[in-house]
Amino acid sequence: MQALSASQDAGISLREVSKTFGDGSQNVTALHQATLEVKRGRFASLVGPSGCGKSTLLYILGGFESPSSGVVEALGRSVTGPGIDRGVVFQEYALFPWLTVSQNIAYGLQSKGASKEEVRDTVHRYLQLMHLEGFGARYPRELSGGMRQRVALARTFAYEPDILLLDEPFGALDSQTRELMQDELLRMWQSSGMTVLMVTHDLHEAAYLSDDIYVMSKRPGRIVAHYTSTIDHALEREQIMLSPQFTELHNQVWLSVREQVKASLSEVQA
């Protein structure tokens, strides 16, 4: 476990961030002085008990929610709202149903003012990368869940945001498709240089993909542990999963999360 510290090369930085929902009479505190830092180019995961504020923290980073207090920065700049520097992929396949696969992938590029040639070439490249050749003219309703999520990832990666925020992106997929999507995400991230923060309940997923894993406490959520991976992500999936480094990291994180879940259940039963 490593101590949290500020750094000049932080891609994502939250310092003592708190968030309270309510009108004053019935308030719910989701986050309490949460502090974390993800260095540029690293892949971090956020885990913890259900309802601990993981998604709230991600929405604050995305600019969709404002913190009640604290400092939120992306690439050294204060987060005051959504921005094209931060791409977000949700669990619910947030695609435009009236646009084709190609048009969905092109959307972010067109918003950035890319030329028609750049849009065409980039869409073609991502259709190949995500194994969607022949589906460019299809609509989201005509695709499987795994294919829709590949389109969502392709759309976000295509316009090359500096930061990628993932909220349980594979939670609704079957186990086989989920593993394939994890491999695709890992491959694409390694070639992109993006800074990634992913919310997940799957500790195997967190240990497989991440450079850093942050554990949140029971609500109100705060960061209670930070684990750094020593796994070589250039290895094949089977080699990673069977490695002692993977087993050690997974077990450390599991014990930390289990402690917070037990504390949450004890509070409910009291």
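The values are calculated or read from the model by the stated rules, or taken from the named source; none is laboratory data. These figures come from a predicted structure and were not determined experimentally. Every residue, glycine among them, receives a Cβ derived from its backbone with ideal geometry; neighbour counts consider all protein chains shown.
So here's what we get for this one:
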read-out: Criterion: within 26 Å of Asp212 (Cβ to Cβ) and out of contact with any Lys or Arg (no Cβ under 7 Å at 6 or more places or on another chain) - qualifying residue of Leu109, Leu46, Leu57, Leu31; value: Leu57
read-out: Every pair of residues 6+ apart whose Cβ atoms lie under 9 Å, when the first sits in the stretch 159-187 and is more than 28 Å from Arg77 (Cβ to Cβ) and among the small types (Gly, Ala, Ser) while the second is at pLDDT 90 or above and part of a loop (DSSP other than H, G, I, E, B); value: Gly171/Thr200; Gly171/His201; Gly171/Asp202
read-out: Residue count, the stretch 121-155 (criterion: within 24 Å of Leu203 (Cα to Cα) and either touching a residue at least 24 places away in the same chain (Cβ under 8 Å) or surrounded by fewer than 18 Cβ atoms within 10 Å (Cβ to Cβ) (or both)); value: 7
read-out: In the stretch 36-53, the residues that are crowded, with 22+ Cβ neighbours inside 10 Å and touching a Gly at 6+ places or on another chain (Cβ under 6 Å); value: Val38, Cys52, Gly53
read-out: Condition met for Val196 (part of a strand (DSSP E or B), within 30 Å of Thr122 (Cβ to Cβ), within 21 Å of the chain's Cα centre (by Cα) and among the hydrophobic types (A, V, I, L, M, F, W, C)); value: yes
read-out: Filtered residue count, the stretch 224-268, keeping only those that are under 16 Å from Leu203 (Cα atoms), in a helix (DSSP H, G or I) and without any contact (Cβ under 8 Å) to a residue 24 or more places away in the chain; value: 8
read-out: Test: residue in the stretch 58-67 that is among the acidic types (Asp, Glu) and either assigned to a helix (DSSP H, G or I) or crowded, with 16+ Cβ neighbours inside 10 Å (or both); value: yes
read-out: Answer residue from the stretch 157-167, given it is at pLDDT 90 or above and surrounded by fewer than 23 Cβ atoms within 10 Å (Cβ to Cβ) and is farthest from Ser111 (Cα to Cα) among those; value: Asp167
read-out: Qualifying residue in the stretch 171-191 (condition: touching an Asp or Glu at 6+ places or on another chain (Cβ under 9 Å), loosely packed, with under 14 Cβ neighbours inside 10 Å, modelled with pLDDT under 90 and under 30 Å from Ile84 (Cβ atoms)); value: no
read-out: Any hit, the stretch 228-242, residues being at negative phi, surrounded by fewer than 18 Cβ atoms within 10 Å (Cβ to Cβ) and touching a Ser or Thr at 6+ places or on another chain (Cβ under 7 Å); value: no
read-out: Residue that is farthest from the chain's Cα centre (by Cα) [pool: residues in the stretch 68-90 that are buried (at least 21 other Cβ atoms within 10 Å of the Cβ) and either assigned to a loop (DSSP other than H, G, I, E, B) or basic (Lys, Arg) (or both)]; value: Val79
read-out: Of all residues making up the stretch 15-35, the number that are surrounded by 22 or more Cβ atoms within 10 Å (Cβ to Cβ) and within 18 Å of Gly76 (Cα to Cα); value: 2
